[in-house]
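The values are calculated or read from the model by the stated rules, or taken from the named source; none is laboratory data. Given the structure is predicted, the values throughout are model-derived calculations rather than measurements. Quick reminder, even Gly has a Cβ in these numbers, built from the backbone with ideal geometry, and neighbours come from all protein chains shown.
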Amino acid sequence: MKIDELCEALCSGLALREVKIGYAVKTPFKLPDGDSIGLYIRRDATNPQLLRLEDDGGTIAALEEDGVSLSVDSRSDALGELLKQYDAHYDEAASVIYTDYVTDSRLPANFVKFMALMLRLQDLRLLAHDRVREVFKDDVRQLVEQYFNGLVNILEDENPSEILKDYVADFVLKAESGETLALFAASSETKALESLLLWQELRSRKLDHVRSMAVFEGPKPQRIKSRTMSRLMNSEVVLGTLEGDRWELAQKIGKTINVLPQEIRIN
C-alpha cells in the first residue's frame, strides 16, 4: 500500500465544476440517504483572489428535521463549540455554514478541516435518530404505565407469544383473559413495518387473541413512507397517535384487549 494509492482513492470521488459564485464540489462522502456530501467554494465579490468554503444551506435544516433541536441552549452551544473547533461560522439568516475567506494556497487545508466538520455533523444526525426513538418510547411507556399499571401484565421488548419468537414488540400488554396487545412505538419506518409483519403472521396463524398496534408521534408521521402508511391503513393493525388526547389513545388500547383503562397519576 502506497500513499499515492490512498490519495487516488480519495480524489477519485471528488468532482469540481464552475458555477456563478465560484465552484461546486462533489465529495466521496455520503449522506444517510445515499447522496454525496456537496459544498461550494465561493469567491469574494470584492476580491476574487479570496475564497471560502460553505455548505449547500441544507445541513442545519436536515439536523433539525432529524430531531436535533438547535433551539435548546445546550445543543446550540454544542454546535457553536463544534464550529469554533473547525474555524467555521453559521449564518442563521441564510442557513449557511461557512469558513473565513483565504487565499488560494490556504484553501486545500481549509477544505480538509471543513470536510471533517461536515462528517461530524452527519454523525449528529445518526445519533439524533436514536435519541428521538428512545424519547418517544419513553413517552409511550409512561402512557402505558399511567393507564394500565396493575390492570394488565406489561412487558417490554418481549415476544407477544411463545410461538412468535421472531417478533419483539416494544411493549406487550397481557390481560387476565388472555387477550394480548403487541404495541410498537413507531417512530421509524422499521417499527411501522414490524407491526405490519406481525399482523400478517398473526393472520396466517389465526391467533385471534393477539393484536398488533402501531403508535405514532402524530397523525402525519414524517419518518414513515406513504406506501407503508397506506398498507397499515388497509390492514387490521390498530393505529394510534400519542399527540393530542392521550386518554383517547388509552381507551383505544383498552378496547383492543377488553380492559377499561384507569388514570394513575405519575409524579
Every residue from segment 158-169 that is among the hydrophobic types (A, V, I, L, M, F, W, C) and buried (at least 17 other Cβ atoms within 10 Å of the Cβ): Leu164, Ala169
Taking into account only those residues within segment 200-217 that are free of Cβ contacts under 8 Å to residues at least 12 places away in the same chain and charged (D, E, K, R), which is surrounded by the fewest Cβ atoms within 10 Å (Cβ to Cβ)? Lys206
Condition test on Leu155, is it modelled with pLDDT of 95 or more, part of a helix (DSSP H, G or I) and surrounded by fewer than 17 Cβ atoms within 10 Å (Cβ to Cβ)? no
Give the residue that is farthest from Asp56 (Cα to Cα), with candidates limited to residues of segment 7-37 that are part of a loop (DSSP other than H, G, I, E, B) and among the acidic types (Asp, Glu). Asp33
Within segment 235-261, work out how many residues are small (Gly, Ala, Ser) and touching a residue at least 60 places away in the same chain (Cβ under 8 Å). 2
Selection from segment 12-58 of residues that are over 22 Å from Tyr101 (Cα atoms) and surrounded by 10 or more Cβ atoms within 10 Å (Cβ to Cβ): Gly13, Pro28, Phe29, Lys30, Leu31, Pro32, Ser36
Between a first residue in segment 17-39 that is closer than 14 Å to Leu119 by Cα and a second residue that is surrounded by 16 or more Cβ atoms within 10 Å (Cβ to Cβ) and among the hydroxyl-bearing types (Ser, Thr, Tyr), which pairs have beta carbons less than 8 Å apart while being 6 or more apart in sequence or on different chains? Ser36/Thr27; Ile37/Thr27; Gly38/Thr27; Leu39/Thr27
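For segment 170-187: of the residues being part of a strand (DSSP E or B) and more than 19 Å from the chain's Cα centre (by Cα), which is surrounded by the most Cβ atoms within 10 Å (Cβ to Cβ)?
By that ranking, first place goes to Ala182.
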Identify, by number, the condition in (1) surrounded by fewer than 16 Cβ atoms within 10 Å (Cβ to Cβ); (2) in a loop (DSSP other than H, G, I, E, B) that Glu248 doesn't meet. (2)
